[in-house]
Amino acid sequence: MTFTWTPHRFAGGALALDVANSVVLRFDPARRIDRYADPAAMDAFADAASLHCAEREQAQALVPVPPVRRSTFIGLREAIDSHFRAEATGEGTAALLARLLDAIAGTLRLSGADPRALDTATAHSALRLAVMAEPERLKICPNCGWLFLDRSRNRSRAWCDMAVCGNRSKASRHYYRRKEGMRA
């Protein structure tokens, strides 16, 4: 099965969140898919992020993470997910923040702070998120579990992507309402 990085895969609103969302169905061990398990998909992510990521204006065209830095990059991804998922649910801790900052520092030490490197750009994105003025804009999609920034004026965005998760949720509700109506 061929996989491509479509614009939907960049619904997080920040590069750091898009990187965290590279694990599909994170909390379902039977169906979990790590898109970075395939080195070619991880390499392709840099090009796709340069085109589709919400923060693409803040970085030059991104280059893939070299093989020698990939384990550190995966550690950064997991620290991003743990910290910001806890923040979104109001359960953030100093320990998770410290783990995130350690992962950012380790990434920047190894990457030489090359602004074109995907791992460097991701570390910078995570730092911007960590000091964001309105942390309540960080949310978790109730359909797929992805992290995203709610940039709507009234902070009412419910899904990571209305065209995908929003439509699935609405179609599911419609199906069950019709099904219940037929039983009555």
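The values are calculated or read from the model by the stated rules, or taken from the named source; none is laboratory data. The model shown is predicted, which means the values in this text are computed figures rather than measured ones. All Cβ positions, even for glycine, are placed from backbone atoms using ideal geometry, and neighbour counts span all protein chains on display. Protein only, heavy atoms only, side chains kept; ligands, DNA and RNA dropped before computing areas. Shrake-Rupley method; radii C 1.70, N 1.55, O 1.52, S 1.80 Å.
Remarks
- Amide H contacts under 5 Å for VAL63: ALA117, LEU118, restricted to partners 5 or more places along the chain or on a different chain, H placed in the peptide plane at 1.01 Å from N.
- Residue-wise HN-Hα coupling along region 19-31, computed from phi with Karplus coefficients 6.51, -1.76, 1.60 (Hz; x: Gly, Pro): 5, 4, 6, 6, 9, 8, 6, 3, 9, 10, x, 6, 10
- Amide H to amide H distances under 5 Å link LEU138 with ASP150, where only residues 5 or more positions off or on other chains count and H is placed in the peptide plane.
- Between ALA16, ALA49, PRO67, the Cα set farthest toward the positive side of the dipole of region 1-81 (charges on each charged residue's Cβ, about the Cα centre) is that of PRO67.
- Taking the 1.4 Å solvent-accessible surface of region 1-134 as the whole, the part contributed by carbon and sulfur is 58%.
- Over region 87-153, relative contact order from alpha-carbon pairs under 8 Å, at least 6 apart, %: 28 percent
- Simple label model, 7 Å out from Cα along Cβ direction - MET132 to THR89, nm: 1.7 nm
- Sites counted here are chymotrypsin sites (Phe, Trp or Tyr not before Pro) in a DSSP loop (not H, G, I, E or B) having no more than 14 other Cβ atoms within 10 Å; the longest part of the chain that contains none of them is 28-184.
- From the coordinates of this entry, Cα extents along the principal axes in Å is computed, and it appears in [x] 37, 37, 33; [y] 51, 42, 38; [z] 66, 39, 32 under the label [z].
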